[in-house]
1. Taking the range 1-21 on its own, how many of its residues are assigned to a helix (DSSP H, G or I) and either out of contact with any Lys or Arg (no Cβ under 9 Å at 6 or more places or on another chain) or of a type in the set (Phe, Trp, Tyr) (or both)?
2. Only residues that are surrounded by fewer than 19 Cβ atoms within 10 Å (Cβ to Cβ) and closer than 14 Å to Gly196 by Cα: list them for the range 360-387, please.
3. Inspect all residues belonging to the range 160-177 and state whether any of them is in contact (Cβ under 8 Å) with a residue 40 or more places away in the chain and open to solvent by 70 Å² or more (accessible area, probe 1.4 Å).
4. For the range 330-359, name all the residues that are open to solvent by 30 Å² or more (accessible area, probe 1.4 Å) and either under 19 Å from the mean Cα position of the chain (by Cα) or closer than 21 Å to Gly41 by Cα (or both).
5. With the requirement that a residue be out of contact with any helix residue (DSSP H, G or I) (no Cβ under 7 Å at 6 or more places or on another chain), closer than 21 Å to Phe318 by Cα and assigned to a strand (DSSP E or B), what does the range 22-61 give you?
6. Mind listing whichever residues of the range 56-74 are open to solvent by less than 50 Å² (accessible area, probe 1.4 Å) and closer than 20 Å to Gly249 by Cα?
7. So Pro266 ticks every box in (1) open to solvent by 10 Å² or more (accessible area, probe 1.4 Å); (2) out of contact with any strand residue (DSSP E or B) (no Cβ under 6 Å at 6 or more places or on another chain); (3) of a type outside the set (A, V, I, L, M, F, W, C) but one. Which box is left unticked?
8. Among the strands (runs of 3 or more DSSP E) lying completely within the range 103-209, list those that include at least 2 residues that are not aliphatic (A, V, I, L, M).
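The values are calculated or read from the model by the stated rules, or taken from the named source; none is laboratory data. All values reported here derive from a predicted model rather than from experimental measurement. With ideal geometry, Cβ positions are generated from the backbone for all residues, glycine too; neighbour counts draw on all protein chains shown. Calculation scope for accessible area: heavy atoms of the full protein, side chains included, ligands and nucleic acids excluded. Shrake-Rupley method; radii C 1.70, N 1.55, O 1.52, S 1.80 Å.
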Amino acid sequence: MKFENNLDFAKHLDDKDELKSFRDKFYIPLVNGKESIYFTGNSLGLQPKTTQDHILNELEDWANYGVEGHFHARNPWMPYHEKFSGQLADIVGALPHEVVAMNQLTVNLHLLMVTFYRPTKQKYKIICEAKAFPSDQYALESQVTLHGFNYEDAVIEIAPRQGEYNIRTEDILSAIEAHKESLALVLFGGVNYYTGQFFDLKTITEAAHKAGVAAGFDLAHAAGNVELQLHEWEVDFACWCSYKYLNSGPGGVSGVYIHERHATNPSLPRFAGWWGYKKDSRFEMHKGFEAIPTAEGWQLSNAPVLSMAAHKASLDIFEEAGMARLRAKGKALSSYLMFILNEINEDSPEKLIEVITPANENERGCQVSMLMLKDGKRIFEALKKHGVLADWREPNVIRVAPVPLYNSFEDVYRFGETIQSFFEN
């Protein structure tokens, strides 16, 4: 598509957008009495207008039924988590029995590493990306320490080459090959939180399997953002949060994917809990854990129904919109944003912004990370005053994420117009 940096063109794209009505399904925060340009869905997605009703329904059933709500609520609580499997499977490209909604992201990452990181004296190393999100770094550090290793030796961080911002797939593959004799696990983010780079999960998984180890991914910035085919790619395991692109509220419930070759194997080691026990005999309270032969077998506790009700409100919207349509619009929004940022640079006597997110639309999601070469923090603070909610990452990066469910092409144009005005004044 040949883009134009003007308001009429942006409105033309919005008029043609088959997802434009979905914006009305969300509350848009107000700044100075006007709808903000909300570009921080990569940190916290907006609230669907149906969320309150979903939660109130469960509160009413709690009031009316008490404990009997586990069986007689409009959405009975005992099997409540089962409502999510099909919808989540569609979002991450899995089979329904390979996914389950449970716990929080880092809790799930630890639970999965209990199963899939089984180091020996000879094979104990983990390959990950450099500058992974801190929760991943801390989880890796504590896991290798638990097994008696130290981080510097056991964790191999793959960084961009000198003068580059993104990690080359070939460098990941080379590291896997070079360390295969001592490697125990490959664990990457799906989309890097800082640069917005979408890694080649299929190729990384194939290389890990060729080296004889499992491949897992933290999909916090990928789930609901990019198209995933976890089952087809034979990814071993993954987990994600639901409060970013999945719009399920602050601290919302996490999700887990475990490929069926593992999910159907109840003999795999894990930290066990009552809700992972076989359903037909769970209430007989026997000693000796017998796992459900699906991803549900990794559950510890029953569903946090109130927060999961918020999750269901958002997943219903995703089901209606469809990931293919969302991904197509997301690519168009981020491409339009990159076009406008390039024009700002071309119109300036000096380069003001360096985009560190991959230019290839298949190597990024919605997020575009802007390395500010001049007055970055001042511009970030000024954006908020002008009704633009973006995200700052030290030392000098502004992250913006035009989300296809509720952002428009006019939002992107207005953002560029605002940025341009700061450099002109």
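1. Residues of the range 1-21 that are assigned to a helix (DSSP H, G or I), as a first pass: 7-16, 20-21.
Within this subset, residues satisfying the condition of being either out of contact with any Lys or Arg (no Cβ under 9 Å at 6 or more places or on another chain) or of a type in the set (Phe, Trp, Tyr) (or both) are 8-9, 11-13, 15-16, 20-21.
Residues meeting the conditions: 9.
2. Asn360, Glu361, Asn362, Glu363, Leu371
3. Residues of the range 160-177 in contact (Cβ under 8 Å) with a residue 40 or more places away in the chain: 165-166, 172, 175-176.
Still in the list and also open to solvent by 70 Å² or more (accessible area, probe 1.4 Å): 165.
Looking through the range 160-177, at least one residue is in contact (Cβ under 8 Å) with a residue 40 or more places away in the chain and open to solvent by 70 Å² or more (accessible area, probe 1.4 Å).
4. Lys331, Phe339, Val355, Ala359
5. Phe26, Tyr38, Thr40
6. Taking the range 56-74 and keeping what is open to solvent by less than 50 Å² (accessible area, probe 1.4 Å), we get 58, 61, 66, 69, 73.
Correct list: Glu58 only.
7. Every condition holds for Pro266 apart from (2).
8. On the way: elements: 125-129, 155-158, 183-189.
The strands (runs of 3 or more DSSP E) meeting that bar are 125-129, 183-189.
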